[in-house]
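Notes to accompany the following structure.
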């Protein structure tokens, strides 16, 4: 068995907002110039990003997504809500990456004064101040243009979220627009957008706030900054000040250095270091900022290829994450090899600049990795999987599919479920008439598992001790989630039930029921109870129903709620639950909702800690389904199938 736990800090999962990163290695933003005429990704580009997810990176970032397509950078993607082609290809990209367990991020950028700087382009360009750039006039952005730009970033982030991206990365460094505003070299303004550190950082701060307003506070916003512009620009003290302004607004601060453009002719070589400098040359800047930014995770980048060095960066507190760009071009499997203890198999980047030279010619290659930009060829010529012993912890939707797929691929599978039946949390809905086919699906999976070479163990909880005793090569944690209990006075009352209990024991629900939460669970439960003759009302603190990404089902549910006369009360916050109802606050003040039974359907709490504990019990470890983040059947099934297919092939 391979050496385990050599790098415990590097492979410790970390939660930021609503997102759990499976380790501390990010695939830093890189563009791909193999685009279609409409600026959408080709299939080759999709496979290029997917390959990094297969290799084990916690986050895969898609570079140069222009929030203003007219004034974007050359070779950048269009990220436009009105463009169906963008929606189609970005949704495919998010799926290709996320189903392997990585978080997909879109690098939202605006080139500012360097926008579309190729010959023959006549569109006006904007920056913080009036200037001339390479023979073109750059106009100072008006207050209206600034506000429109902030809105463009926010809309771009919302579009990325709609496409299935787990977060966004705002390009606030390397000389693009946000850095232009922060840099005194570029910014000569005397209004609220110039002068002081606070004013110069205002654009970046307001972009973060606008994104959170549109996408929710749990949707992570990473901001890439340049800690210093070196000799002719601002120094690291200014970079620290920039980061401190972002603290509390950005969820992650990614610390790079340098600047594109005319400030310094070779400054870009600083953020893409050559072979003539030491490994990790720019980590010291992240470490310096980390000393002054206490609550926001910091990402270090800059010629990192050695897992031992990365482990030390995390363990010593110099940064919370490390990001690799060229390192994952050279060997996309670096994270998996490091976790498995196969350090001597890592193909380390030699910093020969072949990738950069290729980009300048319109395509990206790696001198050492023959698969780079040829991922599609390799994808359909996978080697036969090396047989492994796979322990699947949890027999819900994801766990069942993972077990079946792994067995089909020839692995020895042990599937454990702590209860006396398969199906997981969704089993509580077996009596619901409109969920008949869901129950039939669970029965089908049970039959297939009984016929497959799977060692099924019911009434068996996978503890750390139990997992270690089996000595598996791979653990797939699919331990699920439990109902999130809201912190409301009276929530422990005898007249209060969780949604799962109401589904299982509908006969215990009184004639008048109030459901807290207008997600799919709460609204579908309301319809079920109405079919049983109950009088049902729903209370939701937000302004709309949460269809959890399934907009069509949301429309169907909305129609059913109207048909059954179920009232929804939006923008209504529950203050207290009493023996005979619910006290709430709304736009019109306090209101009381009489009820015999109050049911909370306020989401699920992932059993993340229980899953993470199993991560040190096998050389290879994966988390799928609700224990990673509560989602839906499609996410659980596709991720389980993909993760199981990856086993023993890379």
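The values are calculated or read from the model by the stated rules, or taken from the named source; none is laboratory data. Everything numeric here is computed off the predicted structure, so don't read it as measured data. Cβ coordinates were reconstructed from backbone atoms using ideal geometry, including for glycine residues, and neighbour counts include every protein chain displayed.
Some observations on this one:
- From the options 613, 636, 618, residue that is within 18 Å of the chain's Cα centre (by Cα) and assigned by TED's automatic domain parsing to the domain that holds residue 463: 636
- Scanning segment 187-199 for residues that are in contact (Cβ under 8 Å) with a residue 24 or more places away in the chain and part of a helix (DSSP H, G or I) gives 197, 198.
- Residue match in segment 371-382 (condition: part of a helix (DSSP H, G or I), within 24 Å of the chain's Cα centre (by Cα) and closer than 28 Å to residue 469 by Cβ): no
The rows are residues; the columns are (1) touching a helix residue (DSSP H, G or I) at 6+ places or on another chain (Cβ under 7 Å); (2) farther than 17 Å from residue 55 by Cα; (3) buried (at least 16 other Cβ atoms within 10 Å of the Cβ).
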position	(1), (2), (3)
318	yes, yes, yes
340	no, no, yes
346	yes, no, yes
349	yes, no, yes
355	yes, yes, yes
365	yes, yes, yes
369	yes, no, yes
375	yes, no, yes
387	no, yes, no
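- Set 432, 464: member being in contact (Cβ under 8 Å) with a residue 60 or more places away in the chain and more than 28 Å from residue 526 (Cα to Cα): 464
- Filter result (surrounded by fewer than 16 Cβ atoms within 10 Å (Cβ to Cβ) and either modelled with pLDDT of 85 or more or part of a strand (DSSP E or B) (or both)) within segment 105-130: 130
- Total residues in segment 1-47, condition modelled with pLDDT under 80 and not assigned by TED's automatic domain parsing to the domain that holds residue 374: 5
- Of all the numbered requirements in (1) in a helix (DSSP H, G or I); (2) over 31 Å from the mean Cα position of the chain (by Cα), residue 431 misses one, and that requirement is (1).
- Of the strands (runs of 3 or more DSSP E) that lie entirely inside segment 564-605, not one contains 2 or more residues that are touching a helix residue (DSSP H, G or I) at 6+ places or on another chain (Cβ under 6 Å) and within 25 Å of residue 531 (Cα to Cα).
- Filter result for residue 642 (touching a residue at least 12 places away in the same chain (Cβ under 8 Å), out of contact with any helix residue (DSSP H, G or I) (no Cβ under 8 Å at 6 or more places or on another chain) and more than 27 Å from residue 506 (Cα to Cα)): yes
- Any hit, segment 622-633, residues being outside any helix (DSSP H, G or I), within 24 Å of residue 498 (Cβ to Cβ) and out of contact with any strand residue (DSSP E or B) (no Cβ under 8 Å at 6 or more places or on another chain): yes
- So residue 333, is it over 22 Å from the mean Cα position of the chain (by Cα) and within 29 Å of residue 32 (Cα to Cα): no
- Just one residue in the set 612, 557 is touching a strand residue (DSSP E or B) at 6+ places or on another chain (Cβ under 8 Å) and either part of a helix (DSSP H, G or I) or in contact (Cβ under 8 Å) with a residue 12 or more places away in the chain (or both); that residue is 612.
- Positions within segment 183-213 being closer than 30 Å to residue 542 by Cα and touching a strand residue (DSSP E or B) at 6+ places or on another chain (Cβ under 8 Å), in sequence order: 204, 207, 208, 211, 212
- Among (1) under 30 Å from residue 573 (Cα atoms); (2) at pLDDT below 95, the one test that residue 510 misses: (2)
- When segment 400-424 is filtered for residues that are in contact with a helix residue (DSSP H, G or I) (Cβ under 9 Å, 6 or more places away or on another chain) and either free of Cβ contacts under 8 Å to residues at least 12 places away in the same chain or within 13 Å of residue 462 (Cα to Cα) (or both), the ones remaining, listed by number, are 414, 415, 416, 417, 419.
- Considering each residue of segment 601-608 in turn, at least one proves to be farther than 27 Å from residue 493 by Cα and at pLDDT 90 or above.
- Positions within segment 147-182 being surrounded by fewer than 20 Cβ atoms within 10 Å (Cβ to Cβ) and touching a strand residue (DSSP E or B) at 6+ places or on another chain (Cβ under 9 Å), in sequence order: 164
- Which numbered condition residue 395 fails, given (1) assigned to a helix (DSSP H, G or I); (2) in contact (Cβ under 8 Å) with a residue 60 or more places away in the chain; (3) within 20 Å of residue 481 (Cα to Cα): (1)
- Leading residue by the ranking (farthest from residue 503 (Cα to Cα)) among those in segment 531-550 that are touching a strand residue (DSSP E or B) at 6+ places or on another chain (Cβ under 7 Å) and modelled with pLDDT of 90 or more: 541
- Of the residues making up segment 77-100, just one is within 19 Å of residue 29 (Cβ to Cβ), modelled with pLDDT of 90 or more and assigned to a loop (DSSP other than H, G, I, E, B), namely 100.
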